[in-house]
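Trainee: Here you go, one structure.
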Amino acid sequence: MNSSLSIQNLSVSINEKQILKQFSIDVKPGEVHAIMGPNGSGKSTMAYALAGHPNYEVEGGEVWMDGINLLELPPDERAQMGLFLCFQYPTAIPGISMANFLRTALNAVKGEVNDDGKRKPIPITQFRKELRSKMEMLKIDFSFARRYLNEGFSGGEKKRAEILQMALLEPKVAILDETDSGLDIDALKVVSEGINSLRDEKRSFIVITHYQRILNYIKPDVVHVMYDGKLVETGGPELAARLEEQGYDHLYK
Ligand SMILES: Nc1ncnc2c1ncn2[C@@H]1O[C@H](COP(=O)(O)OP(=O)(O)O)[C@@H](O)[C@H]1O
Ligand SMILES: [Mg+2]
């Protein structure tokens, strides 16, 4: 079976210091992979490099999706290919409503391309319909769409906003970086339910997390451990439980 996303020997440096060292994983359609590891092991660096953040220097490796090496594409085209990233610290954009932001994002990623290469905006009525159906699916109150993006949002609301964005963009591969950090159990359940409702046989997820807790709600098919920029172990869900019990340092130092 083809992979949804294949990261091969990815090495990344920040300010000339090598952080990620020949990191490789292969994610099949429909699979959920967890990437665990202690703070500073390079998990977020991997996510930022895939997003195409300019501070993250790719020194080697390839990231394949549908026969294309994503690293050769600008960030917006990676999103158009169906890659979606959820970051640990979303930014507030005062004065932009959720609905406006989501429509702009949707047009940029999924708008029909005209002959001149520009994207045609999705008609507002169609957008409203899609937004409403996704909000219903995720059990989010419609008033949420009128609020300003991330302004005064609780930790849980910020994450729900991102899950809603993900639901609208319908990515092939979603990477969630520490989506669980700072969430109480109720918020964690809401977010996990949202992610679970978007799981299907084609869509793949990479869930990056320091703690095992979120994996009680989002059942991974494969668990990887990253340590000092390298993949040190790969296993099934039982690996996450073992890490929780024994700690990273005990196992890998
Ligand atoms: N912007 C940055 N400038 C310099 N060093 C950084 C930067 N971001 C991360 N690092 C370093 O890269 C390493 C990996 O960080 P990170 O990818 O955030 O790890 P994780 O997400 O696993 O906690 C750490 O040693 C961190 O100090
Ligand atoms: Mg991180």
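The values are calculated or read from the model by the stated rules, or taken from the named source; none is laboratory data. Nothing here was measured: the structure is a model prediction, and the numbers come from that model. Heads up, the Cβs are rebuilt from the backbone with ideal geometry, glycines too, and the neighbour counts pull from every protein chain shown.
Trainee: Checking Glu162 against (1) within 16 Å of ligand 2 (Cβ to nearest atom); (2) under 19 Å from Gln212 (Cα atoms), which test does it fail?
Mentor: Condition (2) is where Glu162 drops out.
Trainee: Which residues, counting only those in the range 48-68, are within 16 Å of ligand 2 (Cβ to nearest atom), small (Gly, Ala, Ser) and modelled with pLDDT under 95?
Mentor: The answer is Ala51, and nothing else.
Trainee: Of all residues being within 16 Å of ligand 1 (Cβ to nearest atom) and aromatic (Phe, Trp, Tyr) in the range 87-125, which is nearest to Ser44 (Cα to Cα)? Just the residue, please.
Mentor: Phe87
Trainee: Give the range 145-158 a look and list any residue that's within 18 Å of Ile96 (Cβ to Cβ) and either surrounded by fewer than 17 Cβ atoms within 10 Å (Cβ to Cβ) or under 18 Å from the mean Cα position of the chain (by Cα) (or both), or say none.
Mentor: Arg146, Arg147, Tyr148, Asn150, Glu151, Gly152, Glu157, Lys158
Trainee: How many of the residues in the range 204-237 are assigned to a helix (DSSP H, G or I) and more than 27 Å from Asp186 (Cβ to Cβ)?
Mentor: 0
Trainee: Next question, about the same structure. Among (1) at pLDDT 95 or above; (2) more than 25 Å from Lys28 (Cβ to Cβ); (3) assigned to a helix (DSSP H, G or I), where does Leu71 come up short?
Mentor: Just one mismatch for Leu71, condition (2).
Trainee: Can you pull out the residues in the range 176-206 that are modelled with pLDDT under 95 and either within 16 Å of ligand 2 (Cβ to nearest atom) or under 21 Å from Asp249 (Cα atoms) (or both)?
Mentor: Leu176, Asp177, Glu178, Thr179, Asp180, Ser181, Gly182, Leu183 - these are the residues of the range 176-206 that are modelled with pLDDT under 95 and either within 16 Å of ligand 2 (Cβ to nearest atom) or under 21 Å from Asp249 (Cα atoms) (or both).
Trainee: Here's a follow-up. Which one of the conditions (1) of a type outside the set (D, E, K, R); (2) in a helix (DSSP H, G or I); (3) under 19 Å from Gly156 (Cβ atoms) does Asn100 fail to meet, given that it meets all the rest?
Mentor: If we test Asn100 against (1) of a type outside the set (D, E, K, R); (2) in a helix (DSSP H, G or I); (3) under 19 Å from Gly156 (Cβ atoms), just (3) comes out false.
Trainee: Being under 16 Å from Val225 (Cα atoms) and within 16 Å of ligand 2 (Cβ to nearest atom) is the filter; apply it to the range 11-32 and report the residue that is surrounded by the most Cβ atoms within 10 Å (Cβ to Cβ).
Mentor: Here the answer is Leu20.
Trainee: Looking at (1) within 16 Å of ligand 1 (Cβ to nearest atom); (2) in contact with a helix residue (DSSP H, G or I) (Cβ under 7 Å, 6 or more places away or on another chain), which is the only condition Lys219 fails?
Mentor: So Lys219 meets the others, but not (1).
Trainee: Follow-up. Need pairs with beta-carbon distance below 8 Å; first residue within 12 Å of ligand 1 (Cβ to nearest atom) and within the range 39-61, second among the small types (Gly, Ala, Ser) and not in a strand (DSSP E or B); sequence gap 6+ or separate chains.
Mentor: Hits for this filter: Ser41/Gly229; Gly42/Gly229; Lys43/Gly37; Thr45/Gly229; Tyr56/Ala49.
Trainee: Out of all the residues in the range 78-86, is one or more away from ligand 1 (no atom under 16 Å from the Cβ), surrounded by 15 or more Cβ atoms within 10 Å (Cβ to Cβ) and within 23 Å of Leu183 (Cα to Cα)? Break it down into steps so the answer makes sense when it comes.
Mentor: The first filter runs over the range 78-86 and keeps only residues away from ligand 1 (no atom under 16 Å from the Cβ), leaving 78-84.
Checking which are surrounded by 15 or more Cβ atoms within 10 Å (Cβ to Cβ) leaves us with 78-84.
Going one step further and asking which of them are within 23 Å of Leu183 (Cα to Cα), we end up with 84.
Yes, the conditions are met somewhere in the range 78-86.
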